[in-house]
Amino acid sequence: MKIWRWVFVGLLFCTALVLRIDAVPTERISGSAGDVLDDDPVGRLKVFVYELPSKYNRKILQKDSRCLTHMFAAEIFMHRFLLSSPVRTLNPEEADWFYTPVYTTCDLTPNGLPLPFKSPRMMRSAIQLISSNWPYWNRTEGADHFFVVPHDFGACFHYQEEKAIERGILPLLQRATLVQTFGQRNHVCLKEGSITVPPYAPPQKMQAHLIPEKTPRSIFVYFRGLFYDVGNDPEGGYYARGARAAVWENFKDNTLFDISTEHPTTYYEDMQRAIFCLCPLGWAPWSPRLVEAVIFGCIPVIIADDIVLPFADAIPWEEIGVFVDEEDVPNLDTILTSIPPEVILRKQRLLANPSMKQAMLFPHPAQPGDVFHQVLNGLARKLPHDKSVYLKPGEKILNWTAGPVGDLKPW
């Protein structure tokens, strides 16, 4: 243990300049990624927002205002943004994209977790409505429509991976573009062409907890959260595929690691005092820790095999983060202490870039380069639609009776 303490002291000494972010200039993202991050979507696309009965959105929110602050709130704020966005058109005939505002994650348990069981029926009901009242869905069966589905496993609508895989993506959404937080390569719940976005983290709340930039980063590795989910995974090993349990079992007594299940009031401040912040998978690969780490300049240590990260064409995740395979978690201390100080320094310079932070936020009001604009950029890059997405008269591709029997019941 003495050796590790000396390594820790040595690292802090060697990175003294690294830990003074005010003395470190920010670094622009090189190449096309930096250009993509700064793109302005205005003038490149037009979006028509369907006017749905309030039972699909506003009334649901009125019943439970917690939906405005939980990590699944992207669907609410994307709707609000589009209503006043300059890309919105009131003439559907000139629209490039069609948006259906359905709040499928706003059915919460007493603990504030979304219940996904009604979501498929709610989404089917909304699609039936727009296909009956407007002609645009039927022209393409949704190929020029996009939906925000911020559930754990997107449009598979379940929080447990095994059941989400069994369900698969809601059949009626097979041709639509999905904007979702879930992203994992070669997974049935991520369809080709989806746009992966960060989860919602309250921007004003994070702003209120900023500490002076001169504050030294005296914590080497930081993490707060569950290591085991006894309530949902009593036998262990399924939650986080065992990765979080491995973190605790291997490093709970390691002085380099400040890890705990307790969530202190100084959580945001502590992240700003840390060099590395662990971002392991939970039930799903993603979590708000990724957003928080970027905002607070803490190098994200991403432990989630095959994860697809938000706006990967614009944010150089390999350059700002550290990727650790789930099976390599027992070697986490060796991996992190082996990173040269100059590499840490460059990662911190990139994280200090305001454009990087802006692309992870849902600010109110919207600001150039934020999540809303990155989503629109992603949609604009898909234009023009290929002629093959438009169906011939009488042509049908989607099966309206496919899926679990329970999903076919009226909502």
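Give the longest segment of the chain that steers clear of GluC sites (Glu not before Pro) in DSSP loops with at most 12 neighbouring Cβ atoms within 10 Å, not counting the sites themselves.
With GluC sites (Glu not before Pro) excluded where exposed in loops, the chain gives 52-191 as its longest stretch.
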With all protein chains modelled, accessible area of Ile165 [1.4 Å, Å²]: 80 Å²
GNM result for the chain, Cα springs below 10 Å: residue of Arg139, Arg273, Arg88 fluctuating most strongly: Arg139
The stretch 203-359: C-alpha gyration tensor shape, a/c 1.5 cut-off, then a/b vs b/c: rounded
Asp306 - accessible surface, heavy atoms, 1.4 Å probe, Å² rounded to 10: 70 Å²
√(5λ) per eigenvalue of the Cα gyration tensor, the chain, largest first, Å: 39, 24, 18
Angle between the chain longest axis and helix 74-83 axis [Cα atoms, degrees, rounded to 10]: 60 degrees
Crossing angle, helix 341-351 versus the chain [Cα axis fit, 0-90 degrees, rounded to tens]: 30 degrees
Size of electric dipole in the stretch 165-301: Cβ of Lys, Arg +1 and of Asp, Glu -1, about Cα centre, debye, nearest 20: 460 debye
Degrees separating the helix 371-380 axis from the principal Cα axis of the chain, which is the longest one: 50 degrees
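The values are calculated or read from the model by the stated rules, or taken from the named source; none is laboratory data. Everything numeric here is computed off the predicted structure, so don't read it as measured data. Cβ atoms come from the backbone with ideal geometry, glycine included; neighbour counts cover every protein chain shown. Side chains are part of the model used for accessible areas, which takes the heavy atoms of the whole protein and leaves out ligands, DNA and RNA. Shrake-Rupley method; radii C 1.70, N 1.55, O 1.52, S 1.80 Å.
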